[in-house]
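Take a look at the structure set out below.
The values are calculated or read from the model by the stated rules, or taken from the named source; none is laboratory data. Keep in mind it's a predicted model, so treat the numbers as computed, not measured. A quick note on method: Cβ atoms are made from the backbone with ideal geometry, for glycine too, and the neighbour counts reach across all protein chains shown. Accessible surface is based on the protein model in full, side chains and every heavy atom, while ligands, DNA and RNA are left aside. Shrake-Rupley method; radii C 1.70, N 1.55, O 1.52, S 1.80 Å.
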Amino acid sequence: MNRGLILKFESLVQFRGACRQLRTLSYRKVSRAQWKPVQSSAHPVWSALYPQFWQKDKLIGIALSQHRHLATKEEAKRKKKKIPLTRGEVEIRQKMTVEELARAMGKDIDHIYEALLYTDIDLDSLEPDSILNEDHIKLIVKKSGMKYKSAKLKEEKERENTDAVKRPPADPAVLTPRPPVVTILGHVDHGKTTLLDSLRKTQVASMEAGGITQHIGAFLVHLPSGEKITFLDTPGHAAFSAMRARGTNVTDIVILVVAAEDGVMQQTIESIQHAKNAGVPLILAINKCDKPEADPERVKKELLAHDVVCEEFGGDVQAVNISALKGENLMVLAEATVALAEMLELKADATGLVEGSVIESRKDKGKGPVTTAIIQRGTLRKGCILVAGKTWAKVRFMFDENGKAVDAASPGIPVEIMGWKEVPSAGDEILEVESEQRAHEVVAWRTYVEQQEKMKKDAEVIEAKQKEHRMEYEKKQQKLAHLTWRQRKAELYKANKHLMFSKPKERTEMDKNVLSVIVKGDVDGSVEAILNILDSYDADDECKLDIIHFGMGDISETDISLAEAFNGVVFGFSVKANESIKRLAAKKGIKIKLHNVIYKLIEDLKEELNSRLPPSVVENTIGEASVLNIFSVTVGKNKVPVAGCRVQKGLLDKKLKFKLIRNRDVIWKGSLSSLKHHKDDVQVIKMGMDCGLSLDKYIEFNIGDEIICYEEKEVQQTTSWDPGF
């Protein structure tokens, strides 16, 4: 067959194949992502043999690529087709992208960019898939003259309340008498612990640091008459206000101890207020009556001003003069307490599930989390499942105030409980539940409720911050409203440029003026008391106080690592730090401050705050001189003003600093260039002597000017914070 015919036939076959491809493509939906035209520079095999047909193949490729381009453009147009929406209303949701918002509004992306021109968003970095802030979404919709509505989220199924609650009031027929719970309140060092010590014949006061009760204690006292009284000994120190308030919430009777020689003091008034708030009757114990300066009548009269009226003045408050140290009239006080308890007819239900209250809690090294509690209903036994706050316990052991193991605790009896999973907070309500599974349900519910409340509070704080930021931003924008977008950007850059260079320095200054603190205590109440004091700190402008961690138990390696990370100080109250911990702290340069008396801990903390404050420079005047005459001398080609002076006070020392005062205003500060006495250069001019002096700067003197010689000293500043004791 002729070679020319073969070539023509091959050309027709190739052209027919290309036409078939074009026809197929016209019916197929092809997206840009699916179809990627391949540009190949290699000739097909047949074109290598027959190069004259390469041009035809190239033309076919161009035709195909043009068809693909048209297909993808049509597809994009279909994608960008505006979605029909309710007139003037846009459904928005959080974390919408630019493209999604444009689609929801029925606008193109350029419209979104245009609406964002006058906001704080950097348009250069904005892409169609960039996520928009909810505030910006709302702003864009408003600027477009539309209204927005939030998209409905799937409503979370309401969680069933699985909390444990107190039982209904018991039938009066099942109630049995119980010991009264008596709280001893009063001012610090007025003899509360000594009184309790005398009543129960143990040496509690000698064990307390400085003779001041550091945390609350609950004790059962057996009287010679056979009666039992549960006493709560609360600290009288100003720091422990919250603990005194808790003591009155679980008590039946308050014994108010007032020292006969001191009278009514600050914590005395506060204790009266706690008793009134709790609706608890008072018995007045006037202590230290054995002292010569004692004046019990003055105490009774002072208490009248606070609505505490003793029986001899026509009131209902029993007053007993005692001496806790010598044991005088203690039985009279106990009998008065028992008599008042009988009048109150104190009874409780000793059956059923246990109810009680946490008086104090701590983490014991050998026992683990331990609580001291008062049982208010039911009888507590080993194996009971209890919940308190967000923790639970299976009672492993119980101890009385002397550390003796007990098998059961009835209403009104204080008991120490072992078996808690975590340390509950002092003041938490104790409730018995049926099983461990039920305890888990209760704890899970309480944790959930706390999380919900926290989320709600956080949302409110975030919203307030956003509002504040928005207002601040709008004010800045108003100032720059007359400028173009580019001019505004340039102005903002200029305004913030210096911050880029000052940030490291500012960070250093900030670290210097921050005291990071870790607080560890023996019991929950002690830590709470310290934190309450630190909450009153109001000198952040001088030095910021940052509590980075607090807890119970001895100082640990974790505390040291945390202190190292924040350049902090570890404060321990009635806790220990073993030798290995001390060595580790010394190696890392961490301070550990251990104290047994709360006011000494606070004083130490104040000293640490003082050490963080920058020293202030104080001018100490050494001498004063008056200008009596004015001269002018020529030095080289320059005329130098010279003052003829007489020293009125102290002396003038050329090595020190000087200042020139005219009409009570400081004109100049610096040093002297010369100091002469009778044409002789001297270093010191004493009081009453005349001299001539010139300054290191050209300043003309006036007769009557004062020359002050002074020295500068750095003085350590002290914090203005007053913790109140």
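Descriptive notes on the structure:
- Taking the 1.4 Å solvent-accessible surface of region 573-642 as the whole, the part contributed by carbon and sulfur is 51%.
- Estimated dipole of region 89-150 in Debye, rounded to 20 [Cβ of Lys and Arg +1, of Asp and Glu -1, Cα centre]: 460 debye
- Residue-by-residue Karplus 3J(HN,Hα) for region 97-104, coefficients 6.51, -1.76, 1.60, Hz, glycine and proline x: 8, 4, 5, 5, 5, 4, 5, 5
- Potential lengthening between Lys591 and Asp665 on full extension [0.36 nm per residue; Cα-Cα distance subtracted]: 21.9 nm
- Across all directions, the average flat footprint of the convex hull enclosing the Cα atoms of region 514-613 is 5.7 nm².
- Here, region 89-150 yields an orientationally averaged convex hull projection of 3.5 nm² when only Cα atoms define the hull.
- The accessible area of Val165, taken with all protein chains in place and a 1.4 Å probe, comes to roughly 110 Å².
- Where Phe399, Phe658, Phe566 fall by accessible area, highest first, once all protein chains stay in place (1.4 Å): Phe566, Phe399, Phe658
- Region 157-188-region 643-717 distance, computed between alpha-carbon centres (Å): 80 Å
- Using the Cβ-Cβ distance between Glu564 and Glu603 with R0 set to 22 Å, the FRET efficiency from 1/(1 + (r/R0)^6) comes to roughly 0.30.
- Cα convex hull of region 409-458, projected area averaged across orientations, nm²: 4.9 nm²
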